[in-house]
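Please read the structure below before turning to the comments.
Every number here is computed from the coordinates shown, using simple stated rules; none is lab data. A quick note: this is a predicted structure, and the numbers were derived from the prediction, not measured. Cβ: placed from backbone, ideal geometry, glycine included. Neighbour counts: every protein chain shown.
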Amino acid sequence: MTKQVLEPSGEPAEGGGGGVRSVKSAERTIAVLEYLSSAVRACSLREVVTALGMPRASGYALLTTLVDTGWIETDGGGRYRIGIRALRAGAAYVERDDVVQRAQPVMDELHGDLGETVHLARLDGAEVVYLATNITRHSLAVVSRPGRRLPSWATGLGKAILAGRPWEEVDALLPPGLEARTEHTITDRTALRAELEEIRRRGHAVDEQESTIGLRCFAVALDFGSAPNEALSCSIPIVRLSPEREETIVAALLRARARIIR
């Protein structure tokens, strides 16, 4: 006899059958939260259900529930954005993360010494997710907030992490087509492989305006004894750079990495 899977309420789980099965409503909830968290602006019901391939009625019911529970917010005009409870969950993740806790004091000192923006990020699939940021004290700055996701191949942070992995693994990890964020983004696989080999030889990665025009980023991977999954970086507008300044930044990053992984 097949055992029926029940929800905590006693109702049959979606999909029925035996064993552990995914719950469609939970999958849809996660998809909505991930979609809104990556959106650059508030989204309409139509945009959400179209992007996620969801029935309109189900989408509306789910969005209403998430608004009522505080996970998303609405502007009252039919547009939705991520809510404060999602912020609390994200903040709790960062506050309890071992790597962040080890890196943050060193990042604070690095930021104090250099006076430029310092980032810590983690590889998640083919993207890097920013975990912590110390913002430059200069007025001219481009900031990536914690939680922001960017293509790994278009950032110094991502390239530093990818360079610590075999090319076969990197090739399987990346999407078939490499999207360009700027005219400088490396979108050719052969060129990217050569770039990663150069990073391994050099010991640090450089983002040459590949993610943001006018910004150069220097990054080092944090290797804790296995394939690196995190990286530390310093971003600076090219108008404030000189060869001597670049050497200072790279040397400071290498010292910071040694302290974090020690």
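Going by the alpha-carbon gyration tensor, a ≥ b ≥ c the square roots of its eigenvalues, is the range 63-163 rounded (a/c under 1.5) or, if a/c is not under 1.5, prolate (a/b greater than b/c) versus oblate?
Values: a/c = 1.92, a/b = 1.77, b/c = 1.08.
Prolate is the answer for the range 63-163, as a/c is 1.5 or above and a/b outweighs b/c.
Could you list the square roots of 5 times each eigenvalue of the Cα gyration tensor of the chain, that is, the equivalent ellipsoid semi-axes, sorted largest first and rounded to whole Å?
Numbers: eigenvalues 291, 92, 72 Å².
Its equivalent ellipsoid spans semi-axes of 38, 21, 19 Å.
Amide H neighbours of Val128 under 5 Å, at least 5 residues apart or on other chains, H built in the peptide plane: list them.
Under 5 Å from the amide H of Val128: Leu150, Ser152.
May I ask you to sort Phe224, Phe218 by Cβ crowding, counting other Cβ atoms within 10 Å and putting the fewest first? Present the calculation step by step, with values, prior to reporting the outcome.
Numbers: Phe224 14, Phe218 24.
Final ranking by Cβ density, sparse to dense: Phe224, Phe218.
Step through the residues of the range 75-85 one at a time and calculate ³J(HN,Hα) from phi using the Karplus curve (6.51 cos²θ - 1.76 cosθ + 1.60, θ = phi - 60°), rounding each to whole Hz and writing x for Gly and Pro.
8, x, x, x, 10, 10, 9, 5, x, 5, 5
I want the local charge near Leu241. Using Cβ-Cβ distances under 15 Å, sum +1 for each Lys or Arg and -1 for each Asp or Glu among the other residues. Each step should come with its number before you reach the end.
Working: positive: Arg216, Arg240, Arg245; negative: Glu116, Asp207, Glu208, Glu244, Glu246, Glu247.
Spelling it out: positives minus negatives among the neighbours equals -3.
Using only Cα atoms, locate the centre of the range 199-239 and the centre of the range 82-133, then give the distance between them in Å, rounded to an integer.
Cα centroid of the range 199-239 versus Cα centroid of the range 82-133: 15 Å apart.
When only C-alpha pairs under 8 Å and at least 6 residues apart count, what is the relative contact order of the chain, in percent? If you can, show how the numbers build up before the last one.
Working: 403 pairs, mean separation 34.4, N = 262.
13 percent.
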